[in-house]
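First comes the structure, then the notes that go with it.
The values are calculated or read from the model by the stated rules, or taken from the named source; none is laboratory data. Since we're looking at a predicted model, the values are computed, not measured. Here the Cβ positions follow ideal geometry from the backbone for every residue, glycine too, while neighbour counts run over all protein chains shown.
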Amino acid sequence: MPTRFPSTIWQFLALALLCLLPGVAGGETASGVPSSHELLSSGHVDDAIQILEGRVHQPVADAESYNLLCRAYFMLEEWDRGIAACERARDIDPQKGTYHLWLGRIYGEKADHVSFISAAPMARKVRESFERAVQLDPQSWEARTDLAEFYLEAPGLVGGGKDKAHQQAEVIAKLHPAMAHWVEGRIAEKNDDAVTAEREYRAAIAASHSGTRSWLDLAAFMRRNHQRAEMEEALRTLEKSPVDRAESLMDAASLLFQTGRDLPMAVRLLRRYLDAPVEEGPAFKAHDLLGRILEKQGDRQGAAEEFRNALALAHSYGKAKEDLRRVER
C-alpha cells in the first residue's frame with residue numbers, strides 16, 4: 001500500500017509556501033516538497049488542487065498550472081470545472097498541442113454526460129481540439145490515437161468516419177506500432193470482423209514485446225465477444241508481462257471485478273499497482289475498486305479501510321463515500 005501524503009504541520013506549511021513560489025509547476029519541486037504534477041501522478045488530487053488553485057489565482061497565472069488543474073478535475077469527473085481550466089490553458093498558450101489534447105479529452109467526457117441535443121456541438125469541439133493537437137504536434141501518437149478513436153466512434157454528422165481512423169492508424173504505425181494495431185483492431189470490430197480484430201490485437205502484443213497494455217486490449221476484446229475463459233487467460237499472461245502502461249494493472253483488475261472472475265488476481269494486480277500509481281489511473285479510484293473487491297470477498301473491515309484511503313486522497317469522491325457508508329451500516 002502506498003504511503004499517504006503526510007499531514008504534519010511543517011509539511012502543510014511547505015505546501016502553502018509552494019503555492020506562492022514562482023516557477024514551481026509541472027514536474028519541478030522545491031525543498032523536496034512534491035510538485036503538483038507529482039501529486040497528480042500519485043493520486044493526491046486534493047493536495048494538487050490546493051496548490052494549483054493557489055497558483056492560477058496569482059496575478060500572472062501560467063498555462064501549465066491551468067492544464068494540470070484541468071487534469072485534476074478530470075480525475076474527479078468534475079467536467080465543467082475541468083473544461084474551464086483547460087480552456088484557460090489553451091487560451092494562454094494556444095500553440096501547445098498538449099493543451100488542445102486534454103481539452104478534447106474533457107470535452108469528450110462531458111459529451112458522454114449530456115443530452116443528445118447538447119452532445120453534437122460538444123462532439124464537434126472534441127474533434128476540433130484533437131485535430132488541432134495533431135496539427136501542432138504531428139509526432140504525438142497519443143494525440144493521433146485519440147483522434148482516430150474519435151473518428152471511429154463519432155457519427156459522420158460530426159466528422160467521424162472509419163476511413164479517417166484508418167488514415168491515422170497508418171501514421172501511428174510509424175510512431176507507435178502497437179497502438180496502430182489497436183486502432184486497426186477497433187476498426188475491424190466496427191466492421192464485425194472478429195477474426196481480423198483478434199489478429200490485430202495479437203499483432204499489437206508482438207509489437208509491444210508482450211506489454212501489459214496490449215494484453216489488456218486483447219482481454220477486453222475477448223470479453224466483448226463473450227469469451228470469458230479466454231479473457232481470463234489473457235489477464236493471467238498480463239500479470240506476468242512487462243508493465244509498459246502501469247494503469248493496465250488497475251484496468252485489468254476492474255475487468256475481473258466486472259465479470260466476477262478470479263478476484264484474488266484482481267487484488268494482487270491492484271496492490272501491485274498501488275505501489276507505484278500513475279495519473280492515468282487515479283490512486284483513489286484504485287483504492288475504491290480494491291475496497292469493493294474486498295467487500296465482495298466478505299472482508300468488510302478491509303474494504304472500509306480502502307474506502308477511507310480513497311477519501312484521504314480525494315475527499316469529494318462520491319463513489320467512495322457511498323461505498324464507505326454501505327460497509328459501515
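Quick check: is even one residue across the stretch 178-196 among the hydroxyl-bearing types (Ser, Thr, Tyr) and either within 24 Å of the chain's Cα centre (by Cα) or at positive phi (or both)?
no
Output the qualifying pairs, or none if there are none: Cβ atoms under 8 angstrom, residues six or more apart or on different chains, first residue in the stretch 291-310 and on the phi < 0 side of the Ramachandran plot, second residue of a type in the set (A, V, I, L, M, F, W, C) and at pLDDT below 95.
Once the first residue is on the phi < 0 side of the Ramachandran plot and sits in the stretch 291-310, its partners that are of a type in the set (A, V, I, L, M, F, W, C) and at pLDDT below 95 give ASN309/MET1.
If I ask for residues that are without any contact (Cβ under 8 Å) to a residue 24 or more places away in the chain and assigned to a helix (DSSP H, G or I), which ones from the stretch 215-236 would you list?
Residues satisfying the conditions are LEU218, MET222, ALA229, GLU230, GLU233, ALA234.
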